[in-house]
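> Sharing a structure here in structure tokens format.
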Amino acid sequence: MDEAFTGASTTLLRWIILFPLLGAILNGLVIRSKSLKVSGIVATMASLGAFVVSLLVVSRYGLLSEDIGYITDQWFVWFNVGRINVPFWLEYTPLTGLMLLVVTGIGALIHVFAMGYMEEEEAPFRFFSYLNLFLSAMLVLVLSSNLVGVFMGWEGVGLCSYLLIGYWYKKDENTAAGMKAFVTNRIGDLGFFVALFMLALYANTLQIRELLTFFAGESSQLSPGVVLCVLGALFWASTGKSAQFPLYVWLPDAMAGPTPVSALIHAATMVTSGIFVSVRLWPLFATQPLVLDWMLWVGMGTAWLAALIALTQRDIKKVLAYSTVSQLGFMFVALGVGSPVAAFFHVITHAFFKALLFLGAGSVIHGMHHDQDLFEMGGLRKKMPFTHATFLIGTLAIIGFPLTAGFFSKDMILAKAFEHGPLAWGLLLGAAVLTAFYMLRAYTLAFWGEPRSKHASHAHESSWLMTVPLMALALGALLIGFIETPVVLLDIHALEAAVKASWYGSSGEVIGHHAGHLSHATEWILMLVTSVCSLSVAYFSYKKFRDHKTKESATGLLADLSQNKFYVDEIYETLLLKPLSFVAAWSWKIIDTYLINGTLHFVRNTLGFSGQFLSFAHTGNVQTYAWYMAAASAVSLLISWWVLK
Amino acid sequence: MTTLMLMLWPLLSGLFLFCLIKVPTRTVQWVNIALHLVWGVFMWQSWAGFAPDQLGTVSWSWEWFPSLGSSLALGVDGLNLPLIVLNFILSLLLAFYSLGKEKLGASYLALFSILNAGSVGSLLALDALAFYVFWEFMLIPMYFLIGKWGSKNRVYAALKFFAFTMAGSLLMLLAIIALGTEYNTLSWNALRDAQIPYNGLGGFQGLVFLGFLVAFAVKIPVWPLHTWLPDAHTEAPTGASVILAGVLLKLGVYGIARWCLALFPMASQDVAIPMMVLGAIGVVVGSFAAWKQTDIKRMIAYSSVAHLAFMVLGLFAFQEEALQGAMFQNLAHGLSTGALFLIFGIIYDRTHTREISQYGGLASRNGLLASAFVFSAMASIGLPGLPGFVGEFLILSGTFFSNKTIALVSLSGVLLGSIYMLSMLRKVVFGPVGPTLEAHEIRLQWNEWVAIVPLLVLMLVLGLQPQFIFEKSKFAVEWILALMTSGWGV
């Protein structure tokens, strides 16, 4: 590696990965205990271990300093062939530090929650083993200093997602959902492959630090066309993992998995890895305004599409799933308007409030005996006070209620969008308003009014194993926003400093983009407009659904489109999957069966060289065979000897 | 001497086992394991004594046809050693697998050992005639293994296997005779040093090269010469399927590297693009076919067609990454597909059906075996951390360096692989318990676990620490590639 990089070497980083990995091995292969307590405690301790080491690392190396040097854990050489040089090294940057804390911290809380949620399982060790394995794969993704290592984590979390979505494998639809997730992600991963090939060929390195040091900025030796292809391909990969149009379709189906999985993988961590990688490689992205435009409009389209679908969903987890897709769209908009800080800020706040909302939904589902239909709920606020209070906090955070976490991050994205242009801002505000509507709808339908079913009237509050993580996350959803606040309000910029310290000296300024600073008055007005719009729509939604009685879905053209998810799955099925399947079947039958084998059989029959021909030899007596063999070998050897000598 | 024993020991073991036909099966099976362990000592000696900067060093030789300039010359180098060891490992594990199976008695084990002698012999041979003898020699035991121990359609499959390979080999024989008469030597080193002049594919080098190439292309098999493989795999008994996928197909890849690229570099370059196109077609069409199979073994067989097509790309991209990747993928595919055939074979022993639709719910019936099956499937579709990824990634990047279009077309195999493999897992491993598994208990004997577990461990080792393999083959690969860039100048 390059000698020019100075810095510390540490073996601490690998333990962040090893703790959950050991937990997975212990639970999955060694202990295999059917006791929920044993497997749950092992897994929770493993994730707590990773959290503690992460804390240690972060406190040792800090988050804010500009020049923290090159902190690596030079673990082992994976492979090194020709131009493909892949050391399996881990690297600490402030950005990774933050992500580590989010992943392991929220991960540990969700493990605790799962110990309450999975109480009816016969053999939960498999669940906890997968969950730990997921954590370690995610940490590989976060920590790896090499893009191939990142890809290992990237595919590894995909595998765990597949296994966990299909965790209740006895039902075919769960396995089908897992498979859909894996295959859709692989469509995206083809882009990751292409990016790796191009970088290996043209940049001659796959180490992130070298890529950013040598190839970011105006002086890059890479041609703009190459960078465009690499980043376009990486963005394509991100649309898979981070569920953007056109590859978002797997995420709603992924709700087939247990709810803690939805909270951890399909809300807080894995689905944000596309954004995380983009922020990590930001100085490269900053050189390609075209790719940023793609991100902006794909993200905007996804934010709207998913929000429109979320308006009418009846399944509480489906509402949250589409909301996740929509919020991920917000993050891509933030990247698109040139603000990786805002994007990563929303990654962090979203991790808290969406994990909170999912776990709250899990608690509700648990209390409702696994009924997930919002129209069957109602009146739960009295039966489940803790769940209600924390879910309310999550809802307020996601709609951007002033001074909650979501308020700060969403406000930052909107402000940056406004700087970019009024159109982007206006559209994004629309999506934010839709969020307020559907979230208040879900919250009100579940917790207000009168119980609309037997399950709802007999619902019960969940155990402390589930409510304590809820409260911890609620605290985060309230307070985590204060790590980055507007100039007009406290003026804290801890996150910005941390993110910018992670680009090895590159400023991350978008080429040709001159950030005009908003005046204080404009900032106040934007904040006011956003809050007033969101909150009034939220109140309207609350009033509308407060005394909801009917269990019938709404009708009408738009409602039908929304309920049926704009028929996107059906369109893919008809336009892509069926034709491909047809071509596959056809190509096999025509080519192999008719063309190749048909010709062969024709030749054989013409020559009279049929299966009968050699069957005289087929006596079934092995000693005869042995004799044939020996005799034939001897004779042929003798003949050739005699001929050639 | 050790080198000779690598080949001779299984031959002697085979002849010895033939004499034990009256001895109780279980005793013979233990004897077979013991014989394997002795073979393992020779393996260990070769592995430990390996010098990395060797290519074509003859360590044992006997001049058997002086008039042709041919001798039985054997040697270990970076190209063949990993495959020889893989052959040994698979065979040893199969020896454990066969324990307690009444049908797999002395004659079966003897044929198996003789097959090993043939495959190791052709790997070791550094003389064209010796290579040819071993190459053909493998057909005989394989023919009987499929024809006698196979399932319903075995006679058709055995004959098809025999006819295809024979047809290919005849051309190779012609090429060898031509070489012998022209150069008066058949030694690999001498032919290499002779620097056979090249004047087009229709010239001497070109024609001889094509003779070799066709034989290897049938064996690999390269599309469209592949249709013998699904039949052979499907009908073959488990052990034969494992060795077929794990070793015999790999001989085609190895053969191209040793006998085509190294001896006929210019001709190889002239067919590079057509061969890579066939490789890309093989990846796509093979994956399509695998997706549409209703028979598990046939599906795995087609997946082999697709994976071996990747290796064809790797051979003809003429990039260090790609060629190393192809040699490595030989091992990776041998382990993962070997494991898939072995695990399914163990299930088949109990259920006697290969129809995917009859399965479902393996995870409910035997969780550990299901995990092993999923693990092997993941290795097969190239999940990072398992060896298939390293091989495919290197092959595809090398191919990308030399031809972007072909690489991008072949990249679709990564996606299609996940489609056919996961469809199969969905229908076999997950879901409600199907009729077959409802009717049969799947409980493994200890020796079956002994056969499976080392494969899984090896996959992890090669997936995470592949470098020691690359160090072994580095010298040979670099030498071959130097030939490609500078022709006979080296």
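The values are calculated or read from the model by the stated rules, or taken from the named source; none is laboratory data. Just so we're clear, the structure is a prediction, and the values are computed from it rather than from any experiment. Here Cβ is always computed from backbone atoms with ideal geometry, including for glycine, and neighbour counts include all displayed protein chains.
> For segment A:30-47, name all the residues that are closer than 14 Å to A:LEU133 by Cα and either surrounded by fewer than 20 Cβ atoms within 10 Å (Cβ to Cβ) or of a type in the set (Val, Ile, Thr) (or both).
A:VAL42, A:THR44, A:MET45
For every residue, the table says whether it meets (1) at pLDDT below 95; (2) under 24 Å from A:GLU119 (Cα atoms).
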site: A:GLU3; (1), (2): yes, no
site: A:ALA24; (1), (2): no, yes
site: A:SER39; (1), (2): yes, yes
site: A:ILE68; (1), (2): yes, no
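> Quick check: is even one residue across segment B:364-373 more than 8 Å from every other protein chain (Cβ to nearest Cβ), surrounded by 24 or more Cβ atoms within 10 Å (Cβ to Cβ) and over 18 Å from B:GLY282 (Cα atoms)?
Scanning segment B:364-373, I find at least one residue that is more than 8 Å from every other protein chain (Cβ to nearest Cβ), surrounded by 24 or more Cβ atoms within 10 Å (Cβ to Cβ) and over 18 Å from B:GLY282 (Cα atoms), so the answer is yes.
> Out of the residues in segment B:430-454 that are farther than 25 Å from A:ILE165 by Cα and touching a Leu at 6+ places or on another chain (Cβ under 7 Å), state the one that is surrounded by the most Cβ atoms within 10 Å (Cβ to Cβ).
B:ALA451
> Answer with yes or no whether B:LEU416 is more than 25 Å from A:SER581 (Cα to Cα), in a helix (DSSP H, G or I) and of a type in the set (A, V, I, L, M).
On the way: more than 25 Å from A:SER581 (Cα to Cα): no; in a helix (DSSP H, G or I): yes; of a type in the set (A, V, I, L, M): yes.
The answer is no for B:LEU416.
> In addition: Only one of B:GLY239, B:GLY246, B:GLY286 is within 14 Å of chain A (Cβ to nearest Cβ), of a type outside the set (Phe, Trp, Tyr) and buried (at least 24 other Cβ atoms within 10 Å of the Cβ); which?
On the way: B:GLY239 fails: within 14 Å of chain A (Cβ to nearest Cβ); B:GLY246 fails: within 14 Å of chain A (Cβ to nearest Cβ).
When all the criteria are applied, what remains is B:GLY286.
> Here's something else I'd like to know. Among the residues of segment B:80-103, is there at least one that is more than 14 Å from chain A (Cβ to nearest Cβ), assigned to a loop (DSSP other than H, G, I, E, B) and within 19 Å of the chain's Cα centre (by Cα)?
So the first thing to find is which residues in segment B:80-103 are more than 14 Å from chain A (Cβ to nearest Cβ), and the list is B:80-102.
From what is left, the residues that are assigned to a loop (DSSP other than H, G, I, E, B) are B:80, B:99-102.
Remaining after also requiring within 19 Å of the chain's Cα centre (by Cα): B:80.
Checked against the condition, which is being more than 14 Å from chain A (Cβ to nearest Cβ), assigned to a loop (DSSP other than H, G, I, E, B) and within 19 Å of the chain's Cα centre (by Cα), segment B:80-103 yields at least one hit.
> Would you point out the residue of segment A:516-528, among those that are surrounded by fewer than 14 Cβ atoms within 10 Å (Cβ to Cβ) and touching a helix residue (DSSP H, G or I) at 6+ places or on another chain (Cβ under 9 Å), that is farthest from A:ASP411 (Cα to Cα)?
Ranking the qualifying residues of segment A:516-528, first place goes to A:GLY516.
> May I pose another question? Looking at segment A:90-100, is at least one residue assigned to a strand (DSSP E or B), more than 19 Å from A:THR269 (Cβ to Cβ) and hydroxyl-bearing (Ser, Thr, Tyr)?
Taking every residue of segment A:90-100 in turn, none turns out to be assigned to a strand (DSSP E or B), more than 19 Å from A:THR269 (Cβ to Cβ) and hydroxyl-bearing (Ser, Thr, Tyr).
> Let me ask another. When segment B:162-175 is examined, which residues are found to be within 12 Å of chain A (Cβ to nearest Cβ) and either in contact (Cβ under 8 Å) with a residue 40 or more places away in the chain or surrounded by fewer than 19 Cβ atoms within 10 Å (Cβ to Cβ) (or both)?
Taking segment B:162-175 as the starting set, the residues that turn out to be within 12 Å of chain A (Cβ to nearest Cβ) are B:162-164, B:166-167, B:173.
Passing the criteria: B:ALA163, B:PHE164, B:MET166, B:ALA167, B:LEU173.
> Which one of these does A:THR184 not meet: (1) under 13 Å from the mean Cα position of the chain (by Cα); (2) in contact (Cβ under 8 Å) with a residue 40 or more places away in the chain; (3) under 30 Å from A:ASN204 (Cβ atoms)?
Here A:THR184 clears every test but (3).
> Let me ask you something else. Give the number of residues within segment B:116-140 that are within 11 Å of chain A (Cβ to nearest Cβ), under 30 Å from B:ASP295 (Cβ atoms) and either touching a residue at least 60 places away in the same chain (Cβ under 8 Å) or not in a helix (DSSP H, G or I) (or both).
Qualifying residue count, segment B:116-140: 0.
> Scanning segment A:61-114 for residues that are aliphatic (A, V, I, L, M) and without any contact (Cβ under 8 Å) to a residue 60 or more places away in the chain, which turns out nearest to B:LEU394 (Cα to Cα)?
The qualifying residue nearest to B:LEU394 (Cα to Cα) is A:VAL81.
> Sort through A:PHE192, A:PHE197, A:PHE151 and tell me the only one that's within 20 Å of B:ALA407 (Cα to Cα) and without any contact (Cβ under 8 Å) to a residue 24 or more places away in the chain.
Answer to the selection: A:PHE197.
> Evaluate the following for A:VAL319: is it within 18 Å of A:ALA237 (Cβ to Cβ), among the aliphatic types (A, V, I, L, M) and buried (at least 24 other Cβ atoms within 10 Å of the Cβ)?
Details: within 18 Å of A:ALA237 (Cβ to Cβ): no; among the aliphatic types (A, V, I, L, M): yes; buried (at least 24 other Cβ atoms within 10 Å of the Cβ): yes.
In short, no.
> Do we find that B:PHE475 is within 9 Å of another protein chain (Cβ to nearest Cβ) and either under 30 Å from A:LEU580 (Cα atoms) or part of a helix (DSSP H, G or I) (or both) in this structure? So that I can check it myself, show each step before the final result.
Working: within 9 Å of another protein chain (Cβ to nearest Cβ): no; either under 30 Å from A:LEU580 (Cα atoms) or part of a helix (DSSP H, G or I) (or both): yes.
Criteria not met by B:PHE475.
> Next question. So, in segment B:375-390, exactly how many residues are within 10 Å of another protein chain (Cβ to nearest Cβ) and under 14 Å from B:SER303 (Cβ atoms)?
3
> Name every residue in segment A:492-511 that is touching a Pro at 6+ places or on another chain (Cβ under 7 Å) and aromatic (Phe, Trp, Tyr), in order of residue number. It would help to see each step written out before you state the result.
Filtering segment A:492-511 for residues touching a Pro at 6+ places or on another chain (Cβ under 7 Å) gives A:498-499, A:501-503, A:506, A:508, A:510-511.
Listed by number, the list holds a single entry, A:TRP503.
> Moving on to the next point. For segment B:376-403, enumerate the residues that are farther than 17 Å from B:GLY463 by Cβ and either among the hydrophobic types (A, V, I, L, M, F, W, C) or at pLDDT below 95 (or both).
Once the filter is applied, which keeps residues that are farther than 17 Å from B:GLY463 by Cβ and either among the hydrophobic types (A, V, I, L, M, F, W, C) or at pLDDT below 95 (or both), segment B:376-403 yields B:PHE400, B:PHE401, B:SER402, B:ASN403.
> Filter segment A:599-610 down to the residues that are surrounded by 13 or more Cβ atoms within 10 Å (Cβ to Cβ) and assigned to a helix (DSSP H, G or I), then identify the one that is modelled with the highest pLDDT. Give the steps one after another, and end with the answer.
Quick first cut of segment A:599-610, residues surrounded by 13 or more Cβ atoms within 10 Å (Cβ to Cβ) only: A:600, A:604, A:609-610.
Remaining after also requiring assigned to a helix (DSSP H, G or I): A:600, A:604.
Values: A:LEU600: 80, A:ARG604: 74.
So the residue we want is A:LEU600.
> Still on this structure, please answer the following. Does A:SER457 satisfy the condition of being of a type in the set (Ser, Thr, Tyr) and touching a strand residue (DSSP E or B) at 6+ places or on another chain (Cβ under 8 Å)?
Values: of a type in the set (Ser, Thr, Tyr): yes; touching a strand residue (DSSP E or B) at 6+ places or on another chain (Cβ under 8 Å): no.
So A:SER457 fails the test.
> Which residues, counting only those in segment B:176-194, are part of a loop (DSSP other than H, G, I, E, B) and exposed (fewer than 15 other Cβ atoms within 10 Å of the Cβ)? Quick ask: steps written out before the conclusion?
Of all residues in segment B:176-194, those part of a loop (DSSP other than H, G, I, E, B) come to B:184-186.
The answer is B:ASN184, and nothing else.
> Find all pairs meeting these conditions: Cβ atoms under 9 angstrom apart; at least six residues apart or on different chains; first residue within segment B:190-206 and of a type in the set (S, T, N, Q); second residue surrounded by fewer than 17 Cβ atoms within 10 Å (Cβ to Cβ).
Pairs that qualify, where the first residue is of a type in the set (S, T, N, Q) and the partner is surrounded by fewer than 17 Cβ atoms within 10 Å (Cβ to Cβ), are B:GLN195/B:GLY487; B:GLN195/B:TRP488; B:GLN205/B:PRO197; B:GLN205/B:ASN199.
> Check segment B:47-69 and report whether any residue there is in contact (Cβ under 8 Å) with a residue 40 or more places away in the chain, within 30 Å of B:ASP193 (Cα to Cα), within 13 Å of another protein chain (Cβ to nearest Cβ) and buried (at least 21 other Cβ atoms within 10 Å of the Cβ).
yes
> Now for a different question. Of the residues in segment B:314-363, how many are in contact with a strand residue (DSSP E or B) (Cβ under 9 Å, 6 or more places away or on another chain) and under 20 Å from B:GLY78 (Cα atoms)?
Residues of segment B:314-363 in contact with a strand residue (DSSP E or B) (Cβ under 9 Å, 6 or more places away or on another chain): B:320-321, B:324-325, B:328, B:354-356.
Narrowing the set further to residues that are under 20 Å from B:GLY78 (Cα atoms) leaves B:320-321, B:324-325, B:328.
Total satisfying the criteria: 5.
> Let me ask something else. If I go through segment B:17-30 residue by residue, how many of them are in a helix (DSSP H, G or I) and either in contact (Cβ under 8 Å) with a residue 24 or more places away in the chain or of a type in the set (Asp, Glu) (or both)?
Initial filter on segment B:17-30 (in a helix (DSSP H, G or I)): B:17-18, B:25-30.
Then drop every residue that is not either in contact (Cβ under 8 Å) with a residue 24 or more places away in the chain or of a type in the set (Asp, Glu) (or both), which leaves B:17-18, B:25-26, B:28-30.
Of the residues in that region, 7 qualify.
> Same structure again: Only one of (1) outside any helix (DSSP H, G or I); (2) hydroxyl-bearing (Ser, Thr, Tyr); (3) surrounded by 24 or more Cβ atoms within 10 Å (Cβ to Cβ) fails for A:THR312. Which number is that?
Evaluating A:THR312 over (1) outside any helix (DSSP H, G or I); (2) hydroxyl-bearing (Ser, Thr, Tyr); (3) surrounded by 24 or more Cβ atoms within 10 Å (Cβ to Cβ) leaves (3) as the failure.
> May I pose another question? Check A:LEU211, A:LEU247 and return the single one that is farther than 27 Å from A:VAL325 by Cβ and touching a residue at least 60 places away in the same chain (Cβ under 8 Å).
On the way: A:LEU247 fails: farther than 27 Å from A:VAL325 by Cβ.
Every option except A:LEU211 fails the conditions.
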